4 protein chains.
Amino acid sequence: MPDTVEIGLGRSARRGYHLADIGLVPTRRTRGSAMVSTSWQIDAHAFELPLVAAPSDAVVSPHTAPLIEQLGGLAVLDGEGLWSRYTDAADVLAGLDDETSTLQRVYSEPVQPELLRQRIQELRAAGVRVAIRLSPQHTVELAPHAVAAGVDLLVIQGTVISAEHVMQEHQAGLNLKTFIADLDVPVLVGGVTNYQTALHLMRTGAAGIIVGYGAHAGSSTHSVLGIDVPMATALIDAAAARRDYLDETGGRYVHLVAYGDLATGGDIAKALACGADAVMLGESLARAAEAPGAGMYWDPTASHPRLPRSLVHDVALGDRPSLKEVLVGPTSDPTGERNLFGAVRRVMGKCGYASLKEFQKAELIITGGR
Amino acid sequence: MPDTVEIGLGRSARRGYHLADIGLVPTRRTRGSAMVSTSWQIDAHAFELPLVAAPSDAVVSPHTAPLIEQLGGLAVLDGEGLWSRYTDAADVLAGLDDETSTLQRVYSEPVQPELLRQRIQELRAAGVRVAIRLSPQHTVELAPHAVAAGVDLLVIQGTVISAEHVMQEHQAGLNLKTFIADLDVPVLVGGVTNYQTALHLMRTGAAGIIVGYGAHAGSSTHSVLGIDVPMATALIDAAAARRDYLDETGGRYVHLVAYGDLATGGDIAKALACGADAVMLGESLARAAEAPGAGMYWDPTASHPRLPRSLVHDVALGDRPSLKEVLVGPTSDPTGERNLFGAVRRVMGKCGYASLKEFQKAELIITGGR
Amino acid sequence: MPDTVEIGLGRSARRGYHLADIGLVPTRRTRGSAMVSTSWQIDAHAFELPLVAAPSDAVVSPHTAPLIEQLGGLAVLDGEGLWSRYTDAADVLAGLDDETSTLQRVYSEPVQPELLRQRIQELRAAGVRVAIRLSPQHTVELAPHAVAAGVDLLVIQGTVISAEHVMQEHQAGLNLKTFIADLDVPVLVGGVTNYQTALHLMRTGAAGIIVGYGAHAGSSTHSVLGIDVPMATALIDAAAARRDYLDETGGRYVHLVAYGDLATGGDIAKALACGADAVMLGESLARAAEAPGAGMYWDPTASHPRLPRSLVHDVALGDRPSLKEVLVGPTSDPTGERNLFGAVRRVMGKCGYASLKEFQKAELIITGGR
Amino acid sequence: MPDTVEIGLGRSARRGYHLADIGLVPTRRTRGSAMVSTSWQIDAHAFELPLVAAPSDAVVSPHTAPLIEQLGGLAVLDGEGLWSRYTDAADVLAGLDDETSTLQRVYSEPVQPELLRQRIQELRAAGVRVAIRLSPQHTVELAPHAVAAGVDLLVIQGTVISAEHVMQEHQAGLNLKTFIADLDVPVLVGGVTNYQTALHLMRTGAAGIIVGYGAHAGSSTHSVLGIDVPMATALIDAAAARRDYLDETGGRYVHLVAYGDLATGGDIAKALACGADAVMLGESLARAAEAPGAGMYWDPTASHPRLPRSLVHDVALGDRPSLKEVLVGPTSDPTGERNLFGAVRRVMGKCGYASLKEFQKAELIITGGR
């Protein structure tokens, strides 16, 4: 029954499935979009959309975070991004081009903890729930500043993360379990790609787990590192870990946030149907007119000083729609890249489900992709 | 034996097959094309070709319907299309371009029930069998007008339909079972994509079921909504529902009309061999010189005001053949897109079958597509 | 063990494999090319190469047949081609272009039995073994002329053929069994695509069976008719029929000639390893400088008056090599399209086999194609 | 459990997996790159990188060998390449173009054993460990010269090699077992593609086995010969042979060197995770500014006088990085083609392994490729 085959003498591997490999199967009972809810709640925070805006400087800035909040989602500012490195981050953004070397240069400027605090205070002043992303390497150093400044939700995120990262002996490692226990704010951690890592991260006390590393049209992690996340399988596996963790804790529910291979409303719907509670979107939002990337998208792996793992790439072909059109429409674009959550709502109805929680049980079919 | 695999821990999915994934296997007994019949009869209506022209304004108009009837097929006029919205529909058609926003604008004009009645009367005057398509949302309102005007066959069709659509409480829903029982004309309903929905729709008393939502070269339903119909599997499943319904009713045969992924004669033949009684064609016919779309094709999903799910696209590369050449040839085009039913007749002979009913048993092989 | 899956409820299909899906596995014992023989013998006729030149007017003419014979292969002239329709066939060939309609026009001229006789006599005068292809429809009428003129080998070939073709009642059908029994010359028949048809054709007394319908880069039979031959599977199935027929006759060996999807030396080698005794090549030879098609290739399905199933297409990109370079090299072309049988000889050695008969047992691996 | 299916009646084949078909799965325990070692030792020779530079004249010359050694790898000079044919090899290299016929011409000049000795002496004088590649056909003649001149490691390499090559009777064959036993220097032999051949070659006493024939972007061996190596399967099979040979000898460990389909750091990592001890790289290094191929790559199969099996092709799009950037970075290139071993080190850490030997046990998943 498990889809495992021998790929060479004495060595087996599972077959993984990408979202592109599967399709949703409508049921014999459909319902109108108006009777469908896409609302999502994590910890004390409720959202109209199951949306986390990715911590990319091309997407989330002190200026776009309130807009994303207003449209129903959660915006995550990169705590180690340009806004924590430059007082005049907007000017730096305006000077970017699509060269990786330019990115590497501007991101080589050190993070200033005071600036990070200041950005959080600005966001609080704007009345939004403040979520900040820190890398596992710098969490120990920077998290206290974020917490002191009043962060609402902390996102500890690297390409691939684990609960037990072995560091050099003279370095202070990050013990996620004790770290999270000591924090007063809920924590999202990731990315993870498999059952074991997901379960171990759940046991650290995280409120949510990020599944995937944010693969997008410009990603090359699969080429550079040989790591490729078949997202449908990764989400279903993480959902199994969530179920097992729920059992072992007698009811602690950990949220799953899908991150990667989410270009269209259909992709998002399939991720939710595989067990995600919400999706983290970067590239899709970078396309919006309001996006600070000015039509380009890049994520934190694009500026790595020695081994970049994604391209700065142009995501705005032709006109740039409003963030509202991208998220909830209406739109005249038939590609599936706009009115993303209008599409989710519609397909939930066609599959007969009224809430995201029910929709996680939708029937799937392997289609071989298109 | 069922092709079901575990795609993640504790979650299984069936493997679905597209028409492109399979091929027909000729048998040891072949027969000449002249000894093959492609005739099809549904209710009291007999046709030389197993052809239903899709309710697209790019294909069926009061002017092309008689031509399609004369060539042996059944033309379905969109009861909510331009001919029911504008007195001067021909002028509106002439003013279209390939912008989705233009489509959205012209289709925002309200449907006029009187105009619908008038179009039906025009068609009756032309001596053709009148088939009208209504959406599930507007069937309750518009069907009485169609029936009063003398429609011969009613087509109730949305992208995906079910027998039990849950609407908002203050809305009058469409109870297909009582609705169809009260009608005097035969009804085609769809689209459906799986066994359960097909069986439930059969139980409403429909004369035929449409399988698929009309995927064509410009479709994006799979991107926008994440729904993808592996047509070979969907047809075979619906044929199983037909068999079970035949048993439970002691002999009521419900017709299956395949709609989608039908670009060539080979595609049509494969759909028939998977159990279809007829095929609904849109894009192929839009290519004809007589088509009202003037070389463009679009279907009702292309004009959705908030979430369009297909492109208006150019289907006429180079010259535009006559509708006769497209349907029954002769042709000099070797792509398989013309003389569609000449090809069907020929491959039925090569597989050794004399009638469509027998051809539904043809041997299939999985080829992996080309 | 048989690779059969349920593709829909209650309906199963086998998985077929194309030559592109498999690879040859070298063994632990290799041998030098000089110790390898590619010789082939069918009936009384021995050949240095397992090569049958396809009955395409773009390849075989009274002028190229002797050249092909001299290089080690068997040339088949199309008995219903231009050389049987026109006294000045060379002029007609010179006037062709790449329009299907032009082909349809020139092939609408009737076949003249006297001209067919004359061509055979010319070939005999040139000292070659004469092989003529006739279509199943015209075999009864034309075969006596071919035999009277001294044909050495008769090829009865349609796209797909069967031992029992049901014709209209007033037509004289072709009973292959009695027809072949009455003939003094060996007969090749085809194409076939499966075990049953192959076995039935073997029982007609044919010396050889053609497997496949000659799919090439310009073929559209799979689009037009929905018939697609996974060649590796078709050959292995036909070899199983050959084995069973050998048993039931106590030793009659029927030759298998692979026809289709043979673009490179590797493709040819894989066909032989799947059980073919020889390959029928068209497109590859049409590339040669001496080919009558002047750089274009077409087969008999390209000129069908109502439903053409392949393109006239340009196969000579850049320079045109000699027929000798195409067949046995040497070459400077690294694409695998030249020195076809030098490549076969080399890979037979790398797999450790000295003769074609042994090579039919070579180990295969499914590679998923490239 | 073994992934074997019937591809036709009575004939089975295994499914092989390419590196592109699989991905690496990170584990629940990660470690920093600084705690990872990529060191490799074969016989008495230790290297910082598991790298063998392929014996292509486009990559290894007396001038680049010291540089490759210095960066941590082993350079193999082609003992039958231009440096053994011409005193002024640098001039000959400068005069090359991308025509196969030019290559065939310059490589038709005979190998001069004295020149081979001289090159080895030059390399020794430069202080590098000297590895020379000879073809199986010329090993008997040339190896004594290489040994006399002081070669450190001998590489006997053809496309596909076996322990028992059957030659023409009047030729002196190469008996690898006695030949290797009589040599004082360690020997690498290959390429092999399967378990049996690998095991037999191990029994000749070779220090290492080369798996694969060096497939690269310009390769056509799969087209020309029909041989295709699904590299993941071939490596895993060879690792099984290594395990069995270790058992039967009570502890002799034979190294596996992967050669082919290695374009990125991810490909290299996957090869190591499939059991390789090191990788042989050609095309990747030909891209470097210092490479003698001046931006072009070719391997010994490209100059075959009668049947070339790969293209001379341009591998330097845009700028040419330093060899250091290609091998160990840093880089601004996000494609995965530079900083190859920085990437390997990083992914080893993400999978939680500290040494190459442990990394051979990394978990794999079938991803279907990208």
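The values are calculated or read from the model by the stated rules, or taken from the named source; none is laboratory data. Remember, it's a predicted structure, so these values are computed and weren't measured experimentally. Using ideal geometry, Cβ is built from the backbone for each residue, glycine included, and neighbour counts are taken over all protein chains shown.
All conditions in (1) within 24 Å of B:GLY191 (Cα to Cα); (2) surrounded by fewer than 24 Cβ atoms within 10 Å (Cβ to Cβ) hold for B:GLY318, with the sole exception of (1).
Of everything in the stretch B:36-57, what is surrounded by fewer than 16 Cβ atoms within 10 Å (Cβ to Cβ) and in a strand (DSSP E or B)? Give them in sequence order. Within the stretch B:36-57, B:GLN41, B:HIS45, B:ALA46 meet the criteria. Could you list all residues from the stretch B:249-274 that are charged (D, E, K, R) and assigned to a helix (DSSP H, G or I)? B:ASP267, B:LYS270 - these are the residues of the stretch B:249-274 that are charged (D, E, K, R) and assigned to a helix (DSSP H, G or I). For the residues A:GLN70, A:GLN41, the requirement of being away from chain D (no Cβ under 14 Å), more than 26 Å from A:ALA232 (Cα to Cα) and of a type outside the set (Phe, Trp, Tyr) singles out A:GLN70. Where residues in the stretch A:330-344 are surrounded by fewer than 23 Cβ atoms within 10 Å (Cβ to Cβ) and in contact with a Gly (Cβ under 9 Å, 6 or more places away or on another chain), which of them is nearest to D:PHE341 (Cα to Cα)? Result: A:GLY342. When only residues in the stretch C:205-247 that are without any contact (Cβ under 8 Å) to a residue 12 or more places away in the chain, surrounded by fewer than 24 Cβ atoms within 10 Å (Cβ to Cβ) and closer than 30 Å to B:GLY265 by Cα count, which is farthest from the other protein chains (Cβ to nearest Cβ)? Across the stretch C:205-247, the extreme among qualifying residues is C:HIS222.
Applying a threshold of 7 Å to beta carbon distances and a minimum spacing of six or more residues, or different chains, the list of pairs starting in the stretch B:333-351 at a residue that is over 19 Å from C:VAL192 (Cα atoms) and more than 7 Å from every other protein chain (Cβ to nearest Cβ) and ending at one that is part of a helix (DSSP H, G or I) and hydroxyl-bearing (Ser, Thr, Tyr) reads B:GLU337/B:SER284; B:LEU340/B:SER284; B:ARG345/B:SER33.
Here B:ALA94 passes the criteria (1) touching a strand residue (DSSP E or B) at 6+ places or on another chain (Cβ under 9 Å); (2) in contact (Cβ under 8 Å) with a residue 60 or more places away in the chain; (3) more than 14 Å from chain A (Cβ to nearest Cβ) except the one numbered (1).
Looking at B:ALA291, B:ALA276, B:ALA316, just one residue is within 23 Å of B:THR102 (Cβ to Cβ) and touching a residue at least 40 places away in the same chain (Cβ under 8 Å), and that residue is B:ALA291. Within the stretch A:304-319, if we keep just the residues that are modelled with pLDDT under 95 and assigned to a loop (DSSP other than H, G, I, E, B), the residue that is nearest to the other protein chains (Cβ to nearest Cβ) turns out to be A:LEU311. Among the residues of the stretch B:152-173, write down those that are modelled with pLDDT under 85 and either among the aliphatic types (A, V, I, L, M) or within 10 Å of A:ARG31 (Cα to Cα) (or both). If the condition is that a residue be modelled with pLDDT under 85 and either among the aliphatic types (A, V, I, L, M) or within 10 Å of A:ARG31 (Cα to Cα) (or both), then B:SER162, B:ALA163, B:GLU164, B:HIS165, B:VAL166, B:MET167, B:GLN168, B:ALA172 are the ones that fit. Of all residues in the stretch B:78-107, those satisfying the criterion of being among the hydrophobic types (A, V, I, L, M, F, W, C) and within 17 Å of B:HIS63 (Cβ to Cβ) are B:LEU82, B:TRP83, B:ALA89, B:ALA90, B:VAL92, B:LEU93, B:ALA94, B:LEU96. On the stretch given as the stretch D:275-303, residues that are touching a Lys or Arg at 6+ places or on another chain (Cβ under 6 Å), in a loop (DSSP other than H, G, I, E, B) and closer than 21 Å to D:GLY191 by Cα total 0. Scanning the stretch D:234-268 for residues that are at positive phi and touching a helix residue (DSSP H, G or I) at 6+ places or on another chain (Cβ under 7 Å) yields a total of 2. Do we have any residue at all in the stretch B:334-341 that's touching a strand residue (DSSP E or B) at 6+ places or on another chain (Cβ under 8 Å), under 23 Å from C:LEU103 (Cα atoms) and assigned to a loop (DSSP other than H, G, I, E, B)? Yes, some residue in the stretch B:334-341 is touching a strand residue (DSSP E or B) at 6+ places or on another chain (Cβ under 8 Å), under 23 Å from C:LEU103 (Cα atoms) and assigned to a loop (DSSP other than H, G, I, E, B). Take the conditions within 14 Å of chain A (Cβ to nearest Cβ) and modelled with pLDDT of 95 or more and apply them to B:ARG85. Does it pass? No; evaluated as a whole, the condition is false for this residue. Among the criteria (1) within 14 Å of chain A (Cβ to nearest Cβ); (2) under 25 Å from B:GLY208 (Cβ atoms); (3) surrounded by fewer than 24 Cβ atoms within 10 Å (Cβ to Cβ), the one B:LEU153 does not fulfil is (1). C:ALA278 - would you say it is touching a Pro at 6+ places or on another chain (Cβ under 8 Å), away from chain D (no Cβ under 14 Å), among the aliphatic types (A, V, I, L, M) and closer than 23 Å to D:ILE227 by Cα? Yes.
Restricting A:SER33, A:SER135 to residues that are in contact with a helix residue (DSSP H, G or I) (Cβ under 7 Å, 6 or more places away or on another chain), within 14 Å of another protein chain (Cβ to nearest Cβ), surrounded by fewer than 24 Cβ atoms within 10 Å (Cβ to Cβ) and polar (S, T, N, Q) narrows the list to A:SER33.
Residue count for the stretch C:197-233, restricted to those that are closer than 24 Å to B:ALA273 by Cα, in a loop (DSSP other than H, G, I, E, B) and touching a helix residue (DSSP H, G or I) at 6+ places or on another chain (Cβ under 6 Å): 3. Taken over the stretch A:346-358, the residue count meeting the criterion of being assigned to a helix (DSSP H, G or I) and surrounded by fewer than 23 Cβ atoms within 10 Å (Cβ to Cβ) is 4. Among the numbered conditions (1) farther than 27 Å from C:GLY23 by Cβ; (2) at pLDDT 95 or above, the only one that C:LYS270 does not meet is (1). Out of C:GLY10, C:GLY16, I need the residue that is within 14 Å of chain B (Cβ to nearest Cβ), more than 19 Å from the chain's Cα centre (by Cα) and without any contact (Cβ under 8 Å) to a residue 12 or more places away in the chain. Which one? Testing whether each residue is within 14 Å of chain B (Cβ to nearest Cβ), more than 19 Å from the chain's Cα centre (by Cα) and without any contact (Cβ under 8 Å) to a residue 12 or more places away in the chain leaves just C:GLY10.
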